[in-house]
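The values are calculated or read from the model by the stated rules, or taken from the named source; none is laboratory data. Everything numeric in this text was worked out from a predicted model, so none of it was measured. Methodologically, a virtual Cβ is constructed for each residue, glycine included, from the backbone with ideal geometry; neighbour enumeration extends over all protein chains shown. The accessibility values were calculated without ligands, DNA or RNA, using every heavy atom of the protein model including side chains. Shrake-Rupley method; radii C 1.70, N 1.55, O 1.52, S 1.80 Å.
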Amino acid sequence: MRKIFVMMLMLLSVASAKAQMILSDTHAMLRLEQGKKLVLLPVQEKEEIANIAVLDKRNELLKRLNVRLAVDKVDYLVPLEIGEGQLLDIIFHGDKRTTGALKDFVCWKELKFSDTFDTQNRERFRPLYHHTPLYGWMNDPNGMFYKDGVWHLYFQFNPYGSQWENMTWGHSTSRDLIHWETQPLAIEADWLGAIFSGSAVIDKDNTTGFGRDAIVAMYTSAGSAQTQSIAYSTDGGKSFTKYAGNPVITQNAPDFRDPKVMWHESTKSWIVPLAVGQEVQFYSSKNLKEWKYESSFGREYGNHDGVWECPDLLEIGGKWVLLLNINPGGPFGGSATQYFVGQFDGHKFTCEDSPSETKWMDYGKDHYATVTFHNAPEGRIVALPWMSNWQYAGVVPTKQFRSANGLPRDLGLAAVSGETILTSTPSKELLALRAGKVKQPTEACEILVDVKGTMELTLQNQKGEQVVMNYDAKAQTFSMNRTKSGEVAFSEAFPCTTVAPTYGAIKQLRIFIDRCSIEAFDGEGRMAMTNLVFPSEPYNIIKVKGGKATIYDLSVKN
């Protein structure tokens with residue numbers, strides 16, 4: 001009897017705390033009165049988006065967000081910070097003939113109030129040594145910089161679901177590029193729009209007037225138009241204040257985004273390349289606030305099968321490299337990263353290659369939005385990709401989170417047969433992960449292969465799921481076949497074989513496995529291939545023809 005009485009009191013408490021009001025077939029309000037820090041919103045990914053306005057005690061708008069609120073099944077919960085007396089004004093867009101009556105939606109019953117949110121890993125495919133968000137959706141890396149021994153990684157983040165929406169800048173920090181600590185949200189949406197991709201620099205000479213060594217972030221404000229805005233941090237990148245003069249660059253173009261700021265020493269100017277449709281536009285500034293258009297590049301160069309995104313301009317060994325991501329148009333469908341080699345004089349980029357030539361940075365299916373860290377130590381140029389593909393990123397078989405970053409890689413240049421290619425070498429920090437040699441592959445390992453001519457390497461598990469890699473010494477190609485790698489049915493675009501030129505003979509391969517990914521690098525950095533895999537159990541069998549494999553277990557200690 002006492003148990004029943006306590007349960008009744010709990011139910012009454014929850015009912016009064018939710019104070020739900022059904023206003024029409026598609027409109028509801030929810031008064032939040034319980035005095036907890038969070039409301040945990042139930043998400044059902046197959047449902048239509050519900051638009052939520054968060055109002056304060058005076059019914060003033062605090063923020064807007066879009067959430068796939070659960071109708072008949074809860075896939076997971078997402079946290080929303082709340083205050084006393086706040087009101088959620090919710091508009092649903094589902095068809096009531098299929099979803100039923102709004103008052104019967106399961107979200108009202110499963111919604112919870114709490115002071116904490118459980119982020120304990122519940123995903124068997126969550127990587128062990130790649131960066132992932134604790135929960136929610138992640139895509140492009142943003143605003144990356146290094147300062148005082150800390151690597152700062154910002155990223156496109158949806159805190160309210162594991163599919164793309166509600167773009168903000170999430171934030172993680174690391175001292176070794178391997179172990180990452182989650183930080184509070186850095187930059188959130190405003191009236192100008194969602195916070196799309198961008199970059200951050202250290203203004204060591206106070207060119208902006210925000211203070212010496214201020215961190216200045218430049219990002220795309222994505223509203224009814226795409227414009228460029230800035231924000232600054234005086235606490236080392238923990239929190240940002242938006243500039244009162246935003247936006248700082250505007251353009252009459254539907255796809256106008258992804259600023260990647262750099263300092264050009266010769267002209268004593270800040271330079272920013274911007275992706276504009278299918279070209280890159282360069283702008284210059286003395287103070288990061290007032291910008292001058294300089295030139296455009298790319299109308300007749302490279303691949304134009306999709307929209308150009310996320311440019312990055314780098315000086316390497318006396319030459320300049322323009323990284324340029326494209327979606328779709330990748331060598332095996334969907335998104336990928338191309339690059340151009342040439343010269344940049346502070347005003348104009350001149351490419352040294354034929355306009356018809358396309359150079360790809362990585363020949364896997366899951367390498368995109370690649371950009372580099374500002375101010376990396378020792379003169380290094382360290383890049384980090386998003387490890388997925390827009391063809392299926394929203395449906396890969398995880399729910400608590402979606403997407404990881406690929407391995408950090410140091411970039412360089414190499415001369416091959418009279419042309420210059422970009423090299424990618426796994427960053428040296430990864431060597432510290434080697435915990436010792438093992439006889440068979442593990443779910444997190446590095447396989448070092450000494451190659452003797454043409455080679456075939458098969459990774460397999462007890463269920464017969466396998467990935468087959470082939471190096472053809474005569475054709476100078478490397479391939480990876482994931483058609484039988486495990487779970488592949490979630491997208492017709494997923495099962496495939498990817499093929500890369502090796503730009504010479506491969507003598508050594510470095511293959512990194514981490515639960516849901518395989519990344520292969522030529523020992524000299526001339527070939528890189530990044531692919532996701534979703535085996536039902538880890539690959540623990542290796543077969544090698546034409547080479548000798550040494551396997552290192554990669555131990556990750558938190």
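Conditions (1) open to solvent by less than 10 Å² (accessible area, probe 1.4 Å); (2) in a loop (DSSP other than H, G, I, E, B); (3) at pLDDT below 95, marked per residue:
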position: Lys238; (1), (2), (3): no, yes, no
position: Asn246; (1), (2), (3): no, yes, no
position: Ala253; (1), (2), (3): no, yes, yes
position: Pro259; (1), (2), (3): yes, yes, no
position: Trp263; (1), (2), (3): no, no, no
position: Ser266; (1), (2), (3): no, yes, no
position: Pro273; (1), (2), (3): yes, no, no
Output the residues belonging to the stretch 146-163 that are over 24 Å from Phe373 (Cα atoms) and either assigned to a strand (DSSP E or B) or in contact with a Phe, Trp or Tyr (Cβ under 7 Å, 6 or more places away or on another chain) (or both). Gly161, Ser162, Gln163
Among strands (runs of 3 or more DSSP E) entirely inside the stretch 37-93, those with 1 or more residues being polar (S, T, N, Q) and open to solvent by less than 50 Å² (accessible area, probe 1.4 Å) are 61-67
Among the residues of the stretch 534-554, count how many are polar (S, T, N, Q) and open to solvent by 40 Å² or more (accessible area, probe 1.4 Å). 2
Taking the stretch 284-317 as the region of interest, how many residues are closer than 24 Å to Pro385 by Cα and not charged (D, E, K, R)? 15
Please tell me if Gln226 is surrounded by fewer than 21 Cβ atoms within 10 Å (Cβ to Cβ) and of a type outside the set (Gly, Ala, Ser). no
Say whether the condition of being closer than 25 Å to Glu47 by Cα and either of a type outside the set (Ser, Thr, Tyr) or touching a helix residue (DSSP H, G or I) at 6+ places or on another chain (Cβ under 9 Å) (or both) is met by at least one residue in the stretch 142-154. no
Could you tell me which residue of the stretch 516-558 is farthest from Ser485 (Cα to Cα), considering only residues that are in contact with a strand residue (DSSP E or B) (Cβ under 7 Å, 6 or more places away or on another chain) and basic (Lys, Arg)? Arg526
Restricting the search to the stretch 413-424, which residues are surrounded by fewer than 18 Cβ atoms within 10 Å (Cβ to Cβ) and either under 14 Å from Leu384 (Cα atoms) or touching a Phe, Trp or Tyr at 6+ places or on another chain (Cβ under 7 Å) (or both)? Val416
Can you tell me which residues in the stretch 455-504 are hydrophobic (A, V, I, L, M, F, W, C), free of Cβ contacts under 8 Å to residues at least 24 places away in the same chain and either in contact with a Phe, Trp or Tyr (Cβ under 7 Å, 6 or more places away or on another chain) or open to solvent by less than 40 Å² (accessible area, probe 1.4 Å) (or both)? Val468
So which residues in the stretch 289-313 are over 21 Å from Pro141 (Cα atoms), surrounded by 16 or more Cβ atoms within 10 Å (Cβ to Cβ) and not polar (S, T, N, Q), if there are any at all? Lys289, Trp291, Glu294, Phe297, Gly298, Tyr301, Gly302, His304
The listed residue being open to solvent by 10 Å² or more (accessible area, probe 1.4 Å), under 29 Å from Ala493 (Cβ atoms) and touching a Cys at 6+ places or on another chain (Cβ under 7 Å), out of Phe340, Phe332: Phe332
Among the residues of the stretch 435-454, count how many are under 25 Å from Pro501 (Cα atoms) and open to solvent by 40 Å² or more (accessible area, probe 1.4 Å). 3
Kindly establish whether Gly143 is among the small types (Gly, Ala, Ser), crowded, with 22+ Cβ neighbours inside 10 Å, touching a strand residue (DSSP E or B) at 6+ places or on another chain (Cβ under 9 Å) and under 20 Å from Glu309 (Cβ atoms). yes
In the stretch 355-383, how many residues are open to solvent by less than 20 Å² (accessible area, probe 1.4 Å), in a loop (DSSP other than H, G, I, E, B) and more than 23 Å from Thr267 (Cβ to Cβ)? 6
Six or more apart or on different chains, Cβ atoms under 8 Å: show the pairs whose first residue is in the stretch 101-114 and farther than 14 Å from Val78 by Cα and of a type outside the set (Phe, Trp, Tyr) and whose second is open to solvent by 30 Å² or more (accessible area, probe 1.4 Å) and part of a helix (DSSP H, G or I). Leu102/Lys96
Arg122 vs (1) touching a strand residue (DSSP E or B) at 6+ places or on another chain (Cβ under 9 Å); (2) surrounded by fewer than 20 Cβ atoms within 10 Å (Cβ to Cβ); (3) of a type outside the set (S, T, N, Q); (4) at pLDDT 95 or above: all pass except (4)
Elements of type strands (runs of 3 or more DSSP E) in the stretch 288-354, at least 2 residues being of a type in the set (Gly, Ala, Ser): 292-297, 336-344
May I ask you to list pairs of residues, at least six apart or on different chains, whose Cβ atoms are under 7 Å apart, with the first in the stretch 505-518 being under 17 Å from Leu459 (Cα atoms) and modelled with pLDDT of 95 or more and the second being open to solvent by 10 Å² or more (accessible area, probe 1.4 Å) and small (Gly, Ala, Ser)? Leu509/Gly523; Arg510/Gly523
If a residue has to be part of a loop (DSSP other than H, G, I, E, B) and free of Cβ contacts under 8 Å to residues at least 60 places away in the same chain to count, how many in the stretch 188-212 make the cut? 8
If we scan the stretch 92-110, do we find a residue that is at pLDDT 95 or above, under 28 Å from Leu23 (Cα atoms), in contact with a His (Cβ under 9 Å, 6 or more places away or on another chain) and charged (D, E, K, R)? no
For Phe521, are the conditions met, namely being part of a strand (DSSP E or B) and within 17 Å of Asp366 (Cβ to Cβ)? yes
Within the stretch 180-190, does at least one residue satisfy the condition of being surrounded by 22 or more Cβ atoms within 10 Å (Cβ to Cβ), over 16 Å from the mean Cα position of the chain (by Cα), among the small types (Gly, Ala, Ser) and farther than 22 Å from Leu324 by Cβ? no
Pull up the stretch 287-342, narrow it to residues that are among the basic types (Lys, Arg) and modelled with pLDDT of 95 or more, then point me to the one that is nearest to Ala231 (Cα to Cα). Lys289
